[in-house]
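> Structure provided below as structure tokens; questions to follow.
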Amino acid sequence: MSYDTLFSRLSVHGQEQLIKFWPDLSAKEQEQLAREISSLDFAEVNEVFRRAVDASKVIKEKLDHDLKPIPDSHYESVNNLSNEKYEEYESLGFKEIAEGRVGVLLLSGGQATRLGFGHPKGMYDVGLPSKKTLFQIQAERIVKIQQMAAEKYGKEGRITWYIMTSEHTMAPTADFFKTHSYFGLNEDDVVFFNQGTLPCFDFEGKVLLDEKHHIASAPDGNGGLYKALKTEGILEDIMKRGVKHLHAHSVDNILIKVADPVFIGYCTSKNADCAAKVVQKSCPSEAVGVVCRVNGHYKVVEYSELTDAAAERRNPDGRLTFSAGNICNHYFSAEFLSKICNFESKLKLHLAKKKIPFVDSDGIRQKPTEPNGIKIEKFIFDVFEFAENFICLEVSREAEFSPLKNSDAAKQDCPTTARLDLLKLHRTYIRQAGGNITDDVDVEISPLLSYAGENLEDLVKDEVFVISPFHLKSMSESETNGVNGNH
């Protein structure tokens with residue numbers, strides 16, 4: 001494509017700065033830049049910027065009477081379920097799994113920048129006795145839950161694992177799974193797909209160059225899921241396989257109950273089209289968004305958007321009124337996803353001021369120390385307001401939520417806290433099964449042995465655990481690598 005053709009195309013939209021350095025480029029670099037420019041609809045690009053800026057300028061209504069908690073009719077807590085109700089939900093979830101109607105949507109497009117890892121976050125080893133990565137832990141939970149469903153219903157339904165990567169994480173993620181033989185899963189049931197990207201802008205709406213021949217761009221956020229499901233053919237695959245229920249979550253939660261049958265069963269029994277697992281906020285000022293109703297619509301309100309009065313409001317029993325902390329752990333019916341993907345372009349856009357490397361007017365690449373531009377993202381929870389039947393399931397933070405976001409220097413949501421939270425949970429499982437273990441002994445329980453603390457009594461009852469660290473494993477793992485299989 002010639003300079004004149006590119007200039008004509010770009011100048012109509014005020015983005016001709018992208019070819020300012022055209023004469024400096026080699027033929028190969030010109031070809032790359034022309035290809036990137038051709039792939040973008042600049043009318044749409046400018047509209048995305050305008051919508052994001054307009055959304056950020058809207059004065060957020062903070063009137064407390066607009067804000068309502070999730071009604072009791074749409075909210076249940078696992079800890080408050082009777083044994084009968086818990087088993088009812090779990091059995092229903094297992095049945096859907098055994099029938100092959102359950103899929104998992106893993107959000108794994110991040111580059112682990114804050115963690116300082118340099119690889120897909122799912123490949124991270126937090127230092128467990130087994131040295132298992134997040135990907136392996138989650139894969140083995142799927143293997144185990146499939147086995148449990150098959151044992152209960154005599155039918156081996158397979159869970160399809162849809163893994164959303166980004167352009168930077170796709171190749172290393174796919175290679176990692178192939179190298180590790182898909183961690184015991186059927187290769188055909190692990191489906192990788194890419195989320196999209198959006199250009200990065202300066203504060204005036206001009207698209208930035210990352211290099212003279214390369215446009216600056218960034219992944220479009222976890223809400224990019226909906227567009228990717230459609231453009232990458234995943235929605236079609238979901239329908240073709242007969243998947244009816246999708247459990248969506250981010251890769252960084254080491255305690256995630258992947259394809260949780262209780263959650264699936266709860267949502268199925270209520271005929272939900274969309275749902276969220278939540279945890280109780282630890283205190284009014286905790287920096288976590290809350291799931292609530294705003295003007296009659298279900299939404300996640302960021303902690304910074306809550307007034308102090310709303311954040312601190314309590315019910316007569318002392319519980320925070322707005323306590324449903326969002327943990328990026330969601331359920332979608334396949335039918336709901338199909339509807340959402342047809343109008344995802346209308347979803348809200350979020351603007352973030354960031355430090356974005358760019359090529360300055362002299363052609364020199366700069367790494368700013370202060371925010372110099374704008375990245376635009378979509379959030380997965382922005383579809384809640386479109387759900388006709390939205391429900392919440394409250395779960396225990398200690399049992400289901402420990403995110404890995406930062407390096408150990410941050411001292412929270414880091415490798416050390418993730419590891420300690422998992423080991424603490426596993427000590428709880430051992431005690432519940434009749435074993436004796438003190439808080440200074442670290443025992444890791446393989447997901448292939450127990451999904452959530454079940455079937456441990458024969459191994460641990462009346463046993464005293466003193467060896468630390470220790471890996472309590474299934475028989476199949478012991479036969480495979482010969483490391484401690486039982487105690």
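> If you check GLU344 against the conditions, is it modelled with pLDDT of 95 or more and acidic (Asp, Glu)? I'd like the intermediate steps shown before the answer.
Details: modelled with pLDDT of 95 or more: no; acidic (Asp, Glu): yes.
It is false that GLU344 is modelled with pLDDT of 95 or more and acidic (Asp, Glu).
> From the list LEU423, LEU448, LEU456, pick out the single residue that is free of Cβ contacts under 8 Å to residues at least 40 places away in the same chain, surrounded by 13 or more Cβ atoms within 10 Å (Cβ to Cβ) and among the aliphatic types (A, V, I, L, M).
On the way: LEU423 fails: free of Cβ contacts under 8 Å to residues at least 40 places away in the same chain; LEU448 fails: free of Cβ contacts under 8 Å to residues at least 40 places away in the same chain.
None of the others qualify; the one that does is LEU456.
> How many residues are over 21 Å from LYS144 (Cβ atoms) and crowded, with 20+ Cβ neighbours inside 10 Å if we restrict to region 426-441?
1
> Can I ask one more? Checking the structure you have, find out if any residue of region 301-314 is under 25 Å from VAL102 (Cα atoms) and among the aromatic types (Phe, Trp, Tyr).
First pass over region 301-314, keeping only residues under 25 Å from VAL102 (Cα atoms): none.
Scanning region 301-314 turns up no residue that is under 25 Å from VAL102 (Cα atoms) and among the aromatic types (Phe, Trp, Tyr).
> Now for a different question. Can you find a residue in region 246-259 that is under 30 Å from GLY318 (Cβ atoms), in contact (Cβ under 8 Å) with a residue 12 or more places away in the chain and out of contact with any Leu (no Cβ under 8 Å at 6 or more places or on another chain)?
Checked region 246-259: at least one residue is under 30 Å from GLY318 (Cβ atoms), in contact (Cβ under 8 Å) with a residue 12 or more places away in the chain and out of contact with any Leu (no Cβ under 8 Å at 6 or more places or on another chain).
> Can you name the condition, by its number, that ASN194 falls short on among (1) under 22 Å from PHE117 (Cβ atoms); (2) crowded, with 22+ Cβ neighbours inside 10 Å?
The one condition ASN194 does not meet is (2).
> So ASN342 clears everything in (1) farther than 21 Å from LEU67 by Cβ; (2) among the polar types (S, T, N, Q); (3) not in a loop (DSSP other than H, G, I, E, B) except one condition, right? Which one?
For ASN342, the exception is condition (3).
> Here's another thing I want to ask about it. I'm trying to understand the selection: among the residues of region 161-182, which are assigned to a helix (DSSP H, G or I), farther than 18 Å from THR231 by Cβ and either among the charged types (D, E, K, R) or under 17 Å from the mean Cα position of the chain (by Cα) (or both)?
Filtering region 161-182 for residues assigned to a helix (DSSP H, G or I) gives 170-179, 181-182.
The next check asks that each one be farther than 18 Å from THR231 by Cβ; those that pass are 171-179, 181-182.
Passing the criteria: THR173, ASP175, LYS178.
> Across region 43-85, which residue is modelled with the lowest pLDDT among those that are touching a helix residue (DSSP H, G or I) at 6+ places or on another chain (Cβ under 7 Å) and surrounded by 15 or more Cβ atoms within 10 Å (Cβ to Cβ)?
Here the answer is LEU67.
> Separate question: Would you mention how many residues in region 311-349 are more than 26 Å from PRO403 (Cα to Cα) and more than 26 Å from the chain's Cα centre (by Cα)?
6
> Quick test of your reading of the structure: LYS270 fulfils all but one of (1) modelled with pLDDT under 95; (2) over 19 Å from the mean Cα position of the chain (by Cα); (3) over 29 Å from PRO120 (Cα atoms). Name the failing condition by number.
Checking LYS270 against (1) modelled with pLDDT under 95; (2) over 19 Å from the mean Cα position of the chain (by Cα); (3) over 29 Å from PRO120 (Cα atoms), the one that fails is (1).
> So which residues in region 204-236 are part of a loop (DSSP other than H, G, I, E, B) and in contact (Cβ under 8 Å) with a residue 12 or more places away in the chain?
Narrowing region 204-236 to residues part of a loop (DSSP other than H, G, I, E, B): 204-206, 208, 212-213, 216, 220-221, 232-233.
Passing the criteria: GLY205, LYS206, LEU208, LYS212, HIS213, ALA216, ASP220, GLY221, GLU232, GLY233.
> Of the residues that sit in region 275-287 and are more than 15 Å from the chain's Cα centre (by Cα) and among the hydrophobic types (A, V, I, L, M, F, W, C), which one is surrounded by the most Cβ atoms within 10 Å (Cβ to Cβ)? I'd like the intermediate steps shown before the answer.
Of region 275-287, the ones more than 15 Å from the chain's Cα centre (by Cα) are 279-287.
Next cut, among the hydrophobic types (A, V, I, L, M, F, W, C) only: 279, 283, 287.
Values: VAL279: 21, CYS283: 9, ALA287: 9.
Among those that are more than 15 Å from the chain's Cα centre (by Cα) and among the hydrophobic types (A, V, I, L, M, F, W, C), it is VAL279.
> Let me ask something else about it. Residue under question is ASP413, and the condition is that it be closer than 30 Å to ASP125 by Cβ and either free of Cβ contacts under 8 Å to residues at least 40 places away in the same chain or buried (at least 21 other Cβ atoms within 10 Å of the Cβ) (or both); does it hold?
On the way: closer than 30 Å to ASP125 by Cβ: yes; either free of Cβ contacts under 8 Å to residues at least 40 places away in the same chain or buried (at least 21 other Cβ atoms within 10 Å of the Cβ) (or both): yes.
The answer is yes for ASP413.
> Restricting to region 144-184, and then to whatever is farther than 16 Å from ASP237 by Cβ, touching a helix residue (DSSP H, G or I) at 6+ places or on another chain (Cβ under 8 Å) and among the hydrophobic types (A, V, I, L, M, F, W, C), can you tell me which residue is surrounded by the most Cβ atoms within 10 Å (Cβ to Cβ)?
That would be ALA149.
The values are calculated or read from the model by the stated rules, or taken from the named source; none is laboratory data. This structure is a prediction, so every number in the text was calculated from the model and none was measured. Every residue, glycine among them, receives a Cβ derived from its backbone with ideal geometry; neighbour counts consider all protein chains shown.
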